[in-house]
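Asker: This is the structure I want to talk about, given as structure tokens.
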Amino acid sequence: MEMFIFILAAIASVACCLMVITQKNPVRAVLFLIMAFVAQAILFVQLSAVFVAALQIIVYAGAIMVLFLFIIMLLNLRKDEFGGDRHPFQKFAAVALAALLAFELVIVALRDGSRSPSVSLPENFGSVESIGEILFTKYLLPFEATSILLMAAILGAVVLAKKRLDD
Amino acid sequence: MEFPQIDYVAILPEIIICGLALLIMLFAAFLPRDRRWITGHIAWFGIIVASFAVWMNWGTDTRTFAGMYSIDLFSSVLKLIFLLGSLLVVFMSENYIRLHKLEAGEYYALIIFSLFGMMMMASAADLVVFFVGLEIMSVALYVLAGFRRSDPKSNESSLKYFLLGAFATGFIVLGIAFVFGAVGTTSIAQMFDPQQYTLANSFFYLMVGGGLLLIGLAFKLASFPFHMWVPDVYEGAPTAVTAFMSSGPKAAAIAVLARVFVVAFGQHITQLSPMFWSLSVLTMFTGNLIAISQTNIKRMLAYSSIAHAGYMLIAFATGTAEAVNSVVFYLLTYTVMNLGAFMVLLVVEGKEDGDNEITSFTGLGRRHPFLGAAMTLFLISLAGIPPTAGFAGKFFLFKAAVAKGQIPLVVIAVINSLISVYYYLRVVVVMFMIDTQTEFRPVSYPAFLYVALVVAVLGTIVLGVFPTSFFPFDIPLLASGR
């Protein structure tokens, strides 16, 4: 049963991601991205990371994707604004190289995959409490530094978006 | 629940730099528009204070934040290089911002944020810390590249850099995930420790993770085949930002490459060596051969920076501590001479937009001998001709490589240096041998830019003549910890 759900969610995730990059209509692409996030949330649940799965749904599928949709609709892109393929060769090269990378990853997974250790999880793994604890003890520095990252990103967004005051 | 021990004295430089960025933002918000140039002075003053803090911690050898942050000689030396580079860039920018009417406060704040990210990368003893540092550095740079918002080229530069940089970030995250899956930790020190290493000894996963990490880092380093973005981004970005981009992030990427591939994966460095070998050779040839055909000086310097990334990779094909030490010295010399070349470019460029053709240097040497002489010095240093800093940098690097038996690689690197002499000296020829009939465009003499220029000239000469008296060549690569 577990295996069945995993295969279903994994296929859904990959298929939705493929749809995201092949869809011409950006709104559809975003909707497929939401589906991909939901499929990945299921994978997180299977890994006992319940809290991360909930965050995945609330933050990514919920908040961020709504922003994406808003912006795409505000921009009101027409079909012809996407432009054609100027480098048809590039597409083939990209597909070929991506396939090569995927092939390598599959080989490694088949070769080494069975040897991955099964670690017994601690009591409250994946709970809000344990994640909070690890964020404020072991991962205190990256956690705090992320606030600097957000500050830099906000400053950058304001600089690029505000209207020009001189000239 | 136990909070980790934090050594506040050891991380004082980071605290100062971080506070400095926030302080500049506050000043930018409350100062009237015509007095925002003050933020530039706060910036350089703060950088000097932070440099003293690094100096104060010189002998420190410790890991703090639950072992995630390593303050040691290696990171201190790199931090001084970053601080020096940023200081010169702040000096260079003062006049540029005035001429192009850029928002001074935001500009300096982003430069300082980027500097903070680099310092985190230099001290990171854990892949998660390295990743956050990388993102802070990159996000600030993406915005800085597009800082001239009315210039479509600058917009293009920013967008290209952002999209490709975000793509590279994806590889780095996937790489970290694979490495974690293979060894069960993200800590660089624990990966190095053989006891921890056998936890889940999955060599192939580790190599896949390492390969993906290398792709992301090679992008930041501008190494072949991830160099395509460099010329367009460098050309479009504001010149002062291009100078910053071509020195700082490269040095930070080298620091992480050293910590990850020479320290953490140290046991496998002989297996990794051929990969770095071919990357290095291809990068050198790509950079040098394409640079020959460039007519725009910013694009030429962009390809030259790709070529220098190739020289730097020699250290990782060699993989010894000595090679890494000499590549850090190389970074110092590259920072000084490369920023110097960009300073002259800034003076010559003046207020003109986008005219960076090599022909705009025609007659510079005759009309403005100091500028011409300085540019010549930087260019022959970039080409690696004695007695300049560039020669000393290459000398120690090649020496370390020969000591490990990488003679064919060094021969190829020397051939490449000879190729590079051609396009560097072409600028010198244009400056001195060809005289303009018309008067050379009047050049302004902004004080701060000239201070920076004099520092760069002195640095290029002194590092070339007395390299060993200013640089410790026996830096251990990771704090031993308590």
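Asker: Can you compute the charge dipole magnitude of chain B about its Cα centre, using +1 on each Lys and Arg Cβ and -1 on each Asp and Glu Cβ, nothing else charged? Give it in debye, rounded to the nearest 20. Please list the in-between numbers first.
Answerer: Values: 25 positive and 25 negative charges, 108 e Å.
That gives chain B a dipole magnitude of about 520 debye.
Asker: Can you check what the Kirkwood hydrodynamic radius comes to for chain B, Cα pairs only, in Å to one decimal?
Answerer: For chain B, the Kirkwood estimate is 22.4 Å.
Asker: So what is the calculated 222 nm ellipticity per residue for chain B, using -39500 (n - 2.57) for each DSSP H run with n of 4 or more, over all residues, to the nearest 500 deg cm²/dmol?
Answerer: Helix-only estimate at 222 nm: -24500 deg cm²/dmol.
Asker: Where only protein heavy atoms count, and the probe is 1.4 Å, what is the accessible area per residue for region B:168-321 in Å²?
Answerer: Details: 3950 Å² over 154 residues.
Heavy-atom SASA per residue in region B:168-321 reads 26 Å².
Asker: If packing is taken as the average count of other Cβ atoms within 10 Å, what order do B:297-305, B:26-34 fall into, highest mean first? Mind dumping the intermediate values first?
Answerer: Values: B:297-305: 24.4, B:26-34: 12.2.
Ranking the peptides B:297-305, B:26-34 by packing returns B:297-305, B:26-34.
Asker: Oh, and also: Excluding residues on the same chain fewer than 8 positions from residue A:138, give the lysines whose Cα lies under 26 Å from its Cα.
Answerer: B:79
Asker: Rounded, prolate or oblate: which one fits region A:1-78, using the alpha carbon gyration tensor with axes a ≥ b ≥ c (rounded when a/c is under 1.5, else prolate when a/b beats b/c, else oblate)?
Answerer: oblate
Asker: Name the residue from A:22, B:104, B:450 whose Cα lies farthest towards the positive end of the charge dipole of the protein assembly as shown, charges +1 on Cβ of Lys and Arg and -1 on Cβ of Asp and Glu.
Answerer: With unit charges placed on the Cβ atoms, the residue in question is B:450.
Asker: For chain A, what is the accessible area per residue in Å² when the probe is 1.4 Å?
Answerer: Heavy-atom accessible area per residue stands at 72 Å².
Asker: Give, as a single signed number, the net charge of other residues whose beta carbon lies under 14 Å from the beta carbon of residue B:309, with Lys and Arg counted +1 and Asp and Glu -1.
Answerer: Neighbourhood net charge equals +3.
Asker: Rounded, prolate or oblate: which fits region B:61-165 when a ≥ b ≥ c are the square roots of the eigenvalues of the alpha-carbon gyration tensor, with rounded for a/c under 1.5 and prolate only if a/b beats b/c?
Answerer: oblate
Asker: Sticking with this structure for a sec: Can you list residues whose amide H is under 5 Å from residue B:69's amide H, if they're 5+ apart or on another chain and H is modeled 1.01 Å from N?
Answerer: B:64, B:125
Asker: Which one of B:45, B:297, B:26 has its Cα pushed farthest toward the positive end of the charge dipole of the protein assembly as shown, where Lys and Arg give +1 and Asp and Glu give -1 at the Cβ?
Answerer: Of the candidates, B:297 comes out farthest on the positive side.
Asker: Using +1 on the beta carbon of Lys and Arg, -1 on that of Asp and Glu, and nothing else charged, what's the dipole of region B:270-475 about the Cα centre, debye to 20?
Answerer: Result for region B:270-475 is approximately 240 debye, rounded to the nearest 20.
Asker: If you take the square roots of the eigenvalues of the alpha-carbon gyration tensor of region B:42-107 and sort them as a ≥ b ≥ c, do you get rounded (a/c under 1.5), prolate (a/b over b/c) or oblate?
Answerer: In terms of gyration-tensor shape, prolate.
Asker: Here's something else I'd like to know. For peptide B:109-119, how many partner chain Cβ atoms fall within 10 Å of a residue's Cβ, on average?
Answerer: Average neighbour count from other chains, rounded to a whole number: 2.
Asker: Another one. Over chain B, calculate the relative contact order: mean separation of alpha carbon pairs under 8 Å at least 6 apart, over the residue count, as a percent.
Answerer: Here the relative contact order equals 16 percent.
Asker: Provide the net charge surrounding residue B:221, with neighbours chosen by a C-beta distance below 15 Å and charges set as Lys +1, Arg +1, Asp -1, Glu -1.
Answerer: Computed value for this residue: +3.
Asker: Under a straight-distance cross-link criterion of Cα-Cα below 24 Å, which lysines are reachable from residue A:24, leaving out those fewer than 8 residues away in the same chain?
Answerer: A:79, A:91, B:160
Asker: Could you list, in their original order, any pairs among A:163/B:298; B:153/B:250; A:162/B:220; B:101/B:220; A:163/B:101 whose Cα atoms are separated by more than 19 Å?
Answerer: From A:163/B:298; B:153/B:250; A:162/B:220; B:101/B:220; A:163/B:101, over 19 Å: A:163/B:298; B:153/B:250; A:162/B:220; B:101/B:220.
Asker: If you don't mind, another one. Show which lysines lie in cross-link reach of residue B:404 when reach means a straight Cα distance below 17 angstrom and same-chain residues fewer than eight apart are skipped.
Answerer: Within the straight-line cut-off, residue B:404 pairs with B:394.
Asker: No solvent, one uniform scatterer per C-alpha: report log10 I(q)/I(0) for chain A via the Debye equation at q = 0.08, 0.14 1/Å, two decimals.
Answerer: With one equal scatterer per Cα and no solvent, log10 I(q)/I(0) is -0.41, -1.17.
Asker: Please compute the contact order of region B:270-475 in relative form: average sequence separation of alpha-carbon pairs under 8 Å and at least six residues apart, divided by the residue count, as a percent.
Answerer: 29 percent
Asker: Please report the orientation-averaged projected area of the protein assembly as shown, defined via the convex hull of its C-alpha atoms, in nm². Display every interim value, and only then the final one.
Answerer: Details: hull surface 118.6 nm².
Directional mean of the projected Cα hull area for the protein assembly as shown stands at 29.7 nm².
Asker: Where does the charge balance sit around residue B:68 when Lys and Arg score +1, Asp and Glu -1, over other residues with C-beta under 10 Å from its C-beta?
Answerer: Charge balance in the 10 Å sphere: +1.
Asker: In addition: Most fluctuating residue of A:24, A:91, A:138 in a GNM of chain A with Cα springs under 10 Å: which is it?
Answerer: Among A:24, A:91, A:138, the largest GNM mean-square fluctuation belongs to A:91.
The values are calculated or read from the model by the stated rules, or taken from the named source; none is laboratory data. Being a predicted model, the structure only gives us computed values, none of them experimental. In this analysis, Cβ positions are derived from the backbone assuming ideal geometry, glycine residues included, and neighbour counts consider all displayed protein chains. For the accessible areas, the whole protein counts, side chains as well, though only heavy atoms, and no ligand, DNA or RNA atoms are used. Shrake-Rupley method; radii C 1.70, N 1.55, O 1.52, S 1.80 Å.
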